[in-house]
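**Q** Okay, here's the structure, questions in a sec.
The values are calculated or read from the model by the stated rules, or taken from the named source; none is laboratory data. A quick note: this is a predicted structure, and the numbers were derived from the prediction, not measured. Cβ: placed from backbone, ideal geometry, glycine included. Neighbour counts: every protein chain shown.
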Amino acid sequence: MFSAAITESVDEKLRGHLTRPDDQEDVCFALYFPSNGRDRASALIGRVVLPLPGERSVHGNASFTSDYFLRSLVLARQCEAGLALLHSHPDGHGWQDMSNDDVEAERSHAAQALAATGLPLVGLTLAADTSWSCRRWIRVARSCYQRDDAVSVRVVGDRLKLTFHPMLRPAPDIDGRVERTVSAWGGTIQADLGRMRVGIVGVGSVGSHVAEALARTGVGEIRLIDFDSVEYRNLDRLLHATRFDVALARSKVEVLGEALVRSASATRFKVESLEMSVCEEAGYRAALDCDLLFCCVDRPWPRFVLNVIAYAHLIPVVDGGIFVDAATNPVRMRGADWRAHVAGPGRKCLECSGQYAPGDVAADRCGDFDDPAYIKALASSHQAKHGENVFAFSVACASLEVLQALTMIVGPAGVGNIGGQHYHMLPGTIDTVTDGCAAGCPYSETLMGLGESANARCTCEHVAARDEIAARRARQRRPLTVFGRLAARLLTACSSLLEALLSRNVSEQGQPKGVKA
């Protein structure tokens, strides 16, 4: 699977060149850096190489000189980047097919691009409605290159705009379950939601509510990433979890994934429950396959990893958190705050937002945050010493996070960035944070769009995660637990079969057939 990503600033520069007042096609080159997920490879379009006088001709169609191509190729090689060839279709709308001339122009330069850069030539087309389409040229035999169409192109900034290949990622059917939802923003936005893949890292009290909201809103694919188990102490806040799940030694993603299948309103819904840490290579690569990520963890290391992903790999990350101000002896609450914001191109990063400290990342990687003696020695104000939370606070925080994402995707009244939001239970006000990163921030400046070339080295073995997974699997091997899990699977299968049979008698409007609303 292949895709492409462009920041809003690069998109604006490209549109400024390729969109002509005389409605003729135009052409240019750009550099790109690869981003490799578990299932999806992406081309991150970066530096634009505009033509110098005499390096391209516009004559209804557009052509370029060999000098322009070689100059761009040398620059790509110097930057250890790939080469992208971009042109416009002034009369096009949506995803664009290629003319014979388009195919020949790209395929005839694929061999030189691969030989010089070690990366396949990428082609992009800009339509009149600002939609992008994309493909790459893969060497399949000597002097033979095959076109590999992208499934999507995303433009990331204040808005998150996606264009999907109509055959590789067709628009899903929309039925009566989302009638009221579609009436809010229309079928086009709903179809985009139904084709998106959203990742949720951490599915505890906030993450489980985020997942439920996305599934009911119509998101087509949700990827859950969390290594933790359902514990008795989670049951006052963890959506869908019960004492039965604790007894069966179930993971949080297992419980939530089963529930989302029942909650989802998308006609082609898929959920993937991954019992792993985003701080390890497998979890990190799984996150890179997503169009949008939610950070629902409170540890500094995974937040650091997701901060790298947001900027180096151009995948926006919606983050949030809860802080309860509670006195002790006796316990009484003095107040509570929760916040939500988006990290990504054009926005303030998680480190500059104060969501983690670099020193804490190193301590977390070493396992200090799993050491009770280390936690005890921390200052009383340190976030690691505070775990207070209430179900209602988790719901409120999750709501803020989902609204941040929907604003970015839907763009109500053309607005996609309302700034970070910080709610204070007392006095009941919301602060809006609109400032950017500090000068010299490596995420918003140095690492932007570098993909694999960022070389951030943010992952390694996560010992606590592996210990937790091993302990859970040991509990699952107990004879009574084995029997309970088998019985639970059988009950779930029977329930699903019964639901499928009864659902046949329900119309699209949700009313039994033959019964008028």
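**Q** Going residue by residue through region 356-366, is there one that turns out to be part of a strand (DSSP E or B) and either among the hydroxyl-bearing types (S, T, Y) or under 24 Å from the mean Cα position of the chain (by Cα) (or both)?
**A** The first filter runs over region 356-366 and keeps only residues part of a strand (DSSP E or B), leaving none.
No, because not a single residue in region 356-366 is part of a strand (DSSP E or B) and either among the hydroxyl-bearing types (S, T, Y) or under 24 Å from the mean Cα position of the chain (by Cα) (or both).
Conditions (1) assigned by TED's automatic domain parsing to the domain that holds A215; (2) loosely packed, with under 13 Cβ neighbours inside 10 Å; (3) more than 19 Å from the chain's Cα centre (by Cα); (4) of a type in the set (A, V, I, L, M), marked per residue:
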residue	(1), (2), (3), (4)
S353	yes, no, yes, no
Q383	yes, no, yes, no
V402	yes, no, no, yes
I430	yes, yes, yes, yes
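**Q** Let me ask something additional. How many of the residues in region 309-351 are crowded, with 20+ Cβ neighbours inside 10 Å, in a strand (DSSP E or B) and out of contact with any Gly (no Cβ under 7 Å at 6 or more places or on another chain)?
**A** 8
**Q** Given the options P34, P51, name the one that is under 29 Å from the mean Cα position of the chain (by Cα) and either assigned to a loop (DSSP other than H, G, I, E, B) or not small (G, A, S) (or both).
**A** Values: P51 fails: under 29 Å from the mean Cα position of the chain (by Cα).
Only one candidate qualifies: P34.
**Q** May I pose another question? Has region 275-282 got at least one residue that is under 29 Å from D431 (Cβ atoms) and buried (at least 21 other Cβ atoms within 10 Å of the Cβ)? Reasoning before the result, please.
**A** Narrowing region 275-282 to residues under 29 Å from D431 (Cβ atoms): 278.
Now restrict to residues that are buried (at least 21 other Cβ atoms within 10 Å of the Cβ): 278.
Yes, region 275-282 has at least one match.
**Q** Scanning region 404-415 for residues that are in a helix (DSSP H, G or I) and among the small types (G, A, S), which turns out nearest to the chain's Cα centre (by Cα)? First the steps, then the outcome.
**A** Step one: filter region 404-415 for residues in a helix (DSSP H, G or I), giving 404-410, 412-414.
Then drop every residue that is not among the small types (G, A, S), which leaves 405, 413-414.
Numbers: A405: 10, A413: 23, G414: 21 Å.
That would be A405.
**Q** Check I469 against each of (1) surrounded by fewer than 17 Cβ atoms within 10 Å (Cβ to Cβ); (2) assigned to a helix (DSSP H, G or I); (3) in contact with a Phe, Trp or Tyr (Cβ under 6 Å, 6 or more places away or on another chain) and name the one condition it does not meet.
**A** Among (1) surrounded by fewer than 17 Cβ atoms within 10 Å (Cβ to Cβ); (2) assigned to a helix (DSSP H, G or I); (3) in contact with a Phe, Trp or Tyr (Cβ under 6 Å, 6 or more places away or on another chain), I469 violates only (1).
So that you can scan it fast, the table gives a plain yes or no per residue for (1) over 15 Å from the mean Cα position of the chain (by Cα); (2) within 22 Å of I315 (Cβ to Cβ); (3) assigned by TED's automatic domain parsing to the domain that holds R40; (4) at pLDDT 95 or above:
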site	(1), (2), (3), (4)
A141	yes, no, yes, no
G157	no, yes, yes, yes
D192	no, yes, no, yes
R195	no, yes, no, yes
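**Q** From the list E452, E499, pick out the single residue that is outside the structural domain of G283 (by TED's automatic domain parsing) and either assigned to a helix (DSSP H, G or I) or modelled with pLDDT under 95 (or both).
**A** Values: E452 fails: outside the structural domain of G283 (by TED's automatic domain parsing).
Going through E452, E499 in turn, just one is outside the structural domain of G283 (by TED's automatic domain parsing) and either assigned to a helix (DSSP H, G or I) or modelled with pLDDT under 95 (or both): E499.
**Q** Check A171 against each of (1) buried (at least 18 other Cβ atoms within 10 Å of the Cβ); (2) of a type in the set (G, A, S); (3) not assigned by TED's automatic domain parsing to the domain that holds A259 and name the one condition it does not meet.
**A** (1) is the only condition that A171 fails.
**Q** In addition: Does R347 satisfy the condition of being in contact (Cβ under 8 Å) with a residue 12 or more places away in the chain, outside the structural domain of G46 (by TED's automatic domain parsing), out of contact with any strand residue (DSSP E or B) (no Cβ under 9 Å at 6 or more places or on another chain) and among the basic types (K, R)?
**A** Numbers: in contact (Cβ under 8 Å) with a residue 12 or more places away in the chain: yes; outside the structural domain of G46 (by TED's automatic domain parsing): yes; out of contact with any strand residue (DSSP E or B) (no Cβ under 9 Å at 6 or more places or on another chain): no; among the basic types (K, R): yes.
Against the criterion (in contact (Cβ under 8 Å) with a residue 12 or more places away in the chain, outside the structural domain of G46 (by TED's automatic domain parsing), out of contact with any strand residue (DSSP E or B) (no Cβ under 9 Å at 6 or more places or on another chain) and among the basic types (K, R)), R347 does not qualify.
**Q** I need a count of the residues in region 1-37 that are of a type in the set (D, E, K, R) and either more than 19 Å from R135 (Cα to Cα) or in the same structural domain as L314 (by TED's automatic domain parsing) (or both). Give the steps one after another, and end with the answer.
**A** Going through region 1-37, the residues of a type in the set (D, E, K, R) turn out to be 8, 11-13, 15, 20, 22-23, 25-26.
Next, only the ones that are either more than 19 Å from R135 (Cα to Cα) or in the same structural domain as L314 (by TED's automatic domain parsing) (or both) stay: 8, 12-13, 20, 22-23.
Here the count works out to 6.
**Q** Now for a separate question. Has region 109-118 got any residue that is polar (S, T, N, Q) and either surrounded by 15 or more Cβ atoms within 10 Å (Cβ to Cβ) or under 23 Å from E221 (Cα atoms) (or both)?
**A** Restricting attention to region 109-118, the residues satisfying the condition of being polar (S, T, N, Q) are 112, 117.
From what's left, either surrounded by 15 or more Cβ atoms within 10 Å (Cβ to Cβ) or under 23 Å from E221 (Cα atoms) (or both): 112, 117.
Scanning region 109-118, I find at least one residue that is polar (S, T, N, Q) and either surrounded by 15 or more Cβ atoms within 10 Å (Cβ to Cβ) or under 23 Å from E221 (Cα atoms) (or both), so the answer is yes.
**Q** Looking at (1) assigned by TED's automatic domain parsing to the domain that holds A110; (2) farther than 29 Å from K252 by Cβ, which one does S183 not meet, given that it meets all the others?
**A** The failed condition is (1).
**Q** Kindly provide the set of residues from region 119-145 that are buried (at least 21 other Cβ atoms within 10 Å of the Cβ) and under 21 Å from L14 (Cα atoms), ordered by number.
**A** Selection gives P120, L121, V122, G123, L124, T125, L126, W132, S133, C134, R135, R136.
**Q** Could you tell me whether any residue of region 236-248 is in the same structural domain as R303 (by TED's automatic domain parsing), under 28 Å from A413 (Cβ atoms) and either without any contact (Cβ under 8 Å) to a residue 24 or more places away in the chain or among the β-branched types (V, I, T) (or both)?
**A** Applying the first criterion (in the same structural domain as R303 (by TED's automatic domain parsing)) to region 236-248 yields 236-248.
In the following step, the residues that additionally are under 28 Å from A413 (Cβ atoms) were identified as none.
For region 236-248, residues in the same structural domain as R303 (by TED's automatic domain parsing), under 28 Å from A413 (Cβ atoms) and either without any contact (Cβ under 8 Å) to a residue 24 or more places away in the chain or among the β-branched types (V, I, T) (or both): absent.
**Q** May I pose another question? Just checking, which of V201, V155 is under 20 Å from N36 (Cβ atoms) and not hydroxyl-bearing (S, T, Y)?
**A** Details: V155 fails: under 20 Å from N36 (Cβ atoms).
After applying the criteria, what remains is V201.
**Q** Then there's this: Suppose we filter A282, A259 for residues that are assigned to a helix (DSSP H, G or I) and without any contact (Cβ under 8 Å) to a residue 60 or more places away in the chain; which single one remains? So that I can check it myself, show each step before the final result.
**A** On the way: A282 fails: without any contact (Cβ under 8 Å) to a residue 60 or more places away in the chain.
None of the other options fit; the residue is A259.
**Q** Any chance region 75-93 includes a residue that's without any contact (Cβ under 8 Å) to a residue 12 or more places away in the chain and either assigned by TED's automatic domain parsing to the domain that holds V151 or crowded, with 20+ Cβ neighbours inside 10 Å (or both)? Steps first, answer last, please.
**A** Initially, region 75-93 is screened for residues without any contact (Cβ under 8 Å) to a residue 12 or more places away in the chain, giving 78.
Cutting the leftovers down to either assigned by TED's automatic domain parsing to the domain that holds V151 or crowded, with 20+ Cβ neighbours inside 10 Å (or both) gives us 78.
Yes.
**Q** Picking from V219, V253, which residue would you name as being part of a loop (DSSP other than H, G, I, E, B), closer than 30 Å to A191 by Cβ and touching a residue at least 40 places away in the same chain (Cβ under 8 Å)?
**A** On the way: V253 fails: part of a loop (DSSP other than H, G, I, E, B).
Among V219, V253, only V219 is part of a loop (DSSP other than H, G, I, E, B), closer than 30 Å to A191 by Cβ and touching a residue at least 40 places away in the same chain (Cβ under 8 Å).
**Q** Residue check: is S108 hydroxyl-bearing (S, T, Y), in the same structural domain as D39 (by TED's automatic domain parsing) and over 26 Å from G414 (Cβ atoms)? I'd like the intermediate steps shown before the answer.
**A** Details: hydroxyl-bearing (S, T, Y): yes; in the same structural domain as D39 (by TED's automatic domain parsing): yes; over 26 Å from G414 (Cβ atoms): yes.
Yes, satisfied.
**Q** Same structure again: Exactly one of (1) of a type in the set (V, I, T); (2) outside any strand (DSSP E or B); (3) over 26 Å from V255 (Cα atoms); (4) touching a helix residue (DSSP H, G or I) at 6+ places or on another chain (Cβ under 7 Å) is unmet by V210. Its number?
**A** Answer for V210: the failing condition is (3).
**Q** In addition: Quick check on region 119-176: of everything there that is assigned to a strand (DSSP E or B), among the hydrophobic types (A, V, I, L, M, F, W, C) and without any contact (Cβ under 8 Å) to a residue 24 or more places away in the chain, which residue is nearest to R347 (Cα to Cα)? Before the answer, list the steps.
**A** Residues of region 119-176 assigned to a strand (DSSP E or B): 122-127, 132-141, 144-149, 152-156, 160-164.
When the remaining residues are screened for being among the hydrophobic types (A, V, I, L, M, F, W, C), the result is 122, 124, 126-127, 132, 134, 137-138, 140-141, 144, 153, 155-156, 160, 162, 164.
Those left that are additionally without any contact (Cβ under 8 Å) to a residue 24 or more places away in the chain: 138, 140-141, 144.
Working: I138: 35, V140: 41, A141: 44, C144: 43 Å.
By that ranking, first place goes to I138.
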